[in-house]
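S.K.: I have a structure here, written as structure tokens, and I will follow up with some questions on it.
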Amino acid sequence: MDLLPIAPRDIVRTAAEIARWSVDTTAFVAGLPLRLNALLDQVELLMARVEDVTEGAAVVVARAEAVTDGAELVVTTAGRTSDSAQNLLSVYEPMALHAAPLAQTFLDDLGEEEIHAAIGLVNHLPELTARLTALMPILATLDTVSPEIHELLDVVKDVRQAIQGVPGFKFFRKRGESQEDE
């Protein structure tokens with residue numbers, strides 16, 4: 001095998017490159033502890049940030065759980081309310097549909113003055129109720145008093161006819177009327 005002769009210049013150049021590589025490698029290896037320390041410092045900062053983010057995420061998760069619990073309560077309550085409203089609608093819808101034309105007629109015919117009168121009547125209902133409560137026993141006895149009142153009216157009619165038949169009654173009546181006028 002033939003070895004090519006290596007020129008001394010190539011040997012020097014190769015030796016210089018090896019020396020440069022050795023110096024660079026030595027400088028790199030010598031700088032590694034400082035770079036590793038800097039890297040470890042950055043890793044520690046990164047870990048602190050990761051811990052902060054983790055703690056923040058835990059707070060967010062706890063809040064999300066609280067919101068979820070609140071939302072579940074709202075959904076449950078809304079469901080019950082919806083069921084109740086549906087029951088009420090099923091009960092009152094037929095009545096409302098039946099009464100709607102009557103109510104529309106009532107509203108079309110009702111004037112402002114009548115509305116104020118109705119409000120006034122409603123405002124007097126407590127007093128009216130109290131007075132009617134006191135009057136009811138008297139009204140209950142009118143059935144038994146009614147024949148007696150008719151009899152009394154018949155007697156008064158007879159007395160009037162008798163008095164009008166008395167001679168000179170017109171004179172007394174005119175004299176009474178003139179005294180009333182004065």
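S.K.: Just to be sure I understand the filter: pairs with C-beta atoms under 7 Å, separated by 6 or more residues or on different chains, first member in the range 122-142 and on the phi > 0 side of the Ramachandran plot and loosely packed, with under 10 Cβ neighbours inside 10 Å, second member of a type in the set (D, E, K, R) and at pLDDT below 85. Which pairs pass?
M.R.: Going by the 7 Å Cβ cut-off, there are no qualifying pairs.
S.K.: What about Ala16, is it loosely packed, with under 10 Cβ neighbours inside 10 Å and in a helix (DSSP H, G or I)?
M.R.: Against the criterion (loosely packed, with under 10 Cβ neighbours inside 10 Å and in a helix (DSSP H, G or I)), Ala16 does not qualify.
The values are calculated or read from the model by the stated rules, or taken from the named source; none is laboratory data. As the structure is a prediction and not an experimental result, all values here were calculated from the model. No Cβ is skipped: glycine too gets one built from the backbone with ideal geometry, and neighbour counts run over all protein chains shown.
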